[in-house]
1. With every atom except the alpha carbons ignored, what do you get for Rg and Dmax of segment A:201-351, in angstroms?
2. Would you pull out the residues with amide H under 5 Å of A:Thr167's amide H, same chain only if 5 or more places away, H placed 1.01 Å from N?
3. Taking all protein chains as present, what is the carbon and sulfur share of the accessible area of segment A:231-284, in % to the nearest whole number, probe 1.4 Å?
4. State whether segment A:326-430 is rounded, prolate or oblate according to the following rule on the C-alpha gyration tensor (a ≥ b ≥ c being the square roots of its eigenvalues): a/c under 1.5 gives rounded; otherwise a/b larger than b/c gives prolate, and the remaining case gives oblate.
5. Please compute the Kirkwood hydrodynamic radius over chain A, one decimal place, Å, based on all pairs of different Cα atoms.
6. Go through the cysteines of chain B and tell me which have no other cysteine Cβ under 4.7 Å away.
7. How much accessible area per residue does segment A:262-391 have, in Å², with a 1.4 Å probe?
8. So what are segment B:53-115's ellipsoid semi-axes, whole angstrom, largest first, if each one is the square root of 5 times an eigenvalue of the alpha-carbon gyration tensor?
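The values are calculated or read from the model by the stated rules, or taken from the named source; none is laboratory data. The structure presented is a predicted model; accordingly, all values stated were derived computationally and were not measured. Every residue, glycine among them, receives a Cβ derived from its backbone with ideal geometry; neighbour counts consider all protein chains shown. When the accessible area is computed, the model is the full protein with side chains, heavy atoms only, and any ligands, DNA or RNA have been set aside. Shrake-Rupley method; radii C 1.70, N 1.55, O 1.52, S 1.80 Å.
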Amino acid sequence: MSATATKAALKSIKCTQCGGSIEIRGGHNVKSIVCQYCGSCLDTKDEFKVLHQFLNQKRPFLPMKIGLKGKLKGVMFTVIGVIQMEERECGEVYRWLEYLLFSPTHGYVWLVYEDGHWVMLHEVKDLPDTPVDLAMPRKSSFKVRDKTFKVFESSGAAISYVEGELTWQAKAKERVRYVDAVCPPYMYCIEMRGGEQEYSWGEYIPYEEINEAFKINSFEPTGVFSCQPFVASPLFESFSKGAMLAALIAIFMYFFISSNGSLVFKQKFGSNVFKQSEVSKEFEVKEPGKLYGIRVYTPSLKNQWSYYNFRVVDKEEKTKYFDMPTALSYYEGYEGGEYWSEGSTEVTAYFKIPEKGQFKLAVDGEGGTGNDPQKNFSLSNTIVEIREGVRQGHYTLTWFFLCLVLGAPFFIKKMTFEAQRWADDDEDDD
Amino acid sequence: MAISLTCPSCGNIINQVTRSPQMVVCPACNSTHLLTNGKMEDVGKSAILTDVPSIFEMYKTYKYTDWKFTPVGRVRYDYGDGYWDEWFVRSDNGKETWVSVDEGDIAIEHLVQKQLSLPTFDEIKVGGALMINRIRMTVVEKNTATMVGAQGEVPFKIVPNETYNYIDLLGPKRTAFTIEYQDGGIDCYKGIWVDPFEIVEV
């Protein structure tokens, strides 16, 4: 029993059209080789006979040469071919390069190069969870491998340059229809070439990684690429996310902590408080440690100011505990046909009383329209409320704003980056 | 547990690791042996498979998601434009299955049905659809394969230069089917297509 083992692979040939030397670097799934000297497309499955010729090809700038070797994702690849694609839209021309790489262990991958950006793609058998057609609108989404992809572009392009080995027999100006969908750093592409539909999975590769892998000096990328991930230093990102979390906790605490308390006293004072001191009815302090809020409301205050001095006294009106001077002002009018106002007709002050018991408020006030108090100034209504158990959240609110300011730059940068990703690209690719 | 066998041709000790291989190829002298009741009968030389780099190597352990397996045998087929390897692999739990590798195209498959009611090979068209076990599958390849040779342990008798027709099908969620038309019968292998970047050496 014996059999012939697989034939030894050819490593180089002479172009059957021009005699130029052609290295063979790909595997047995390579279907054609385009001679770099004469543009002849040779059939690798039929004694390298000339299938057709790519005439007058203008070689574009190639940051990577055929034959280069480099390790990507831990796998050694060799560059075996390159095509330039061209898309014309509204008078603009967009061009990009697609390098075909081969590894005997992992097969074929594409390395797409556009505006300095690199994306590594390889054919997969993963189909989208929902049907996808080639005319899907931008930003519509579908799932592949449990990741949600958004359509970035549905369009068509034509081959404008070919060199080296390919896994099909390319033709001049051959057109492809495609859908590029992104879930940074991943890309999912559906490509229709002839009657065949292919699905590819891609990942954005930083240009430094490509430069290091293939020992080249490709240019620094410009703009934001469709599947380029937003990258920030881990420290900056962690700090910003931490600050934003702290801001959320602070605002939650603010709403949780702050309270208007319960009403324990309400009294309306007449205009007498502006003539002589008045004493209120009693109010009770049950829990001395709690914060009390005194809200003064003057509904008839308009283009005036008023000043009150509240004194907390015991019910016998013999002992004064403390004074609470309180000022209000409210002005309004029209200037240049526009209404304006400033100040407020209400104010709240806070106090604590060190002991339990019944207390009263002694009030006297003054007011006016200018700088000096008016002798006969009066307001018909001054409403005073005292609330028990008031909790202020001012500190937590301060923390909220502080954390927001510290955390916001990262998110603003990220949003700007995303806006650039999805902005229409008006720049011509030259 | 491995069973030690002695190669009748060269005396080399071969460790049999699969449960019931029919054929064992001696790694030392490349003699092919038919294994019957624990005895090896020399049936000739197998073709030496050209040692081209592959994603797998014999007796190394690999992992795909949480499934670990070790290649213990290999059969190579030529399909005209090239060749592919069918790796006979043993799982951690002792189950044996096939992993086919054609450059970057990898499928894990096992025999599911010996007989299926399907159109004849000539009636099949690439790009057409077939319903198999109520799964709509697309024919992605239709070809004829020739056995080149084997290595290690394989569960059937290998006959170099023997040919058979086959079709490869692709379905939802990477479902793979291979239908082999051989000796008037149809063998159906079911499995999944695997991304080579998802396979790691353990």
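1. 30.8, 93
2. A:Lys31
3. 63 percent
4. Since a/c reaches 1.5 but b/c is at least a/b, the shape of segment A:326-430 is classed as oblate.
5. Result for chain A stands at 29.0 Å.
6. For chain B, the answer is B:Cys188, because their Cβ atoms have no other cysteine Cβ under 4.7 Å.
7. Counting only protein heavy atoms, the per-residue value for segment A:262-391 is 55 Å².
8. Here the semi-axes work out to 20, 16, 10 Å.
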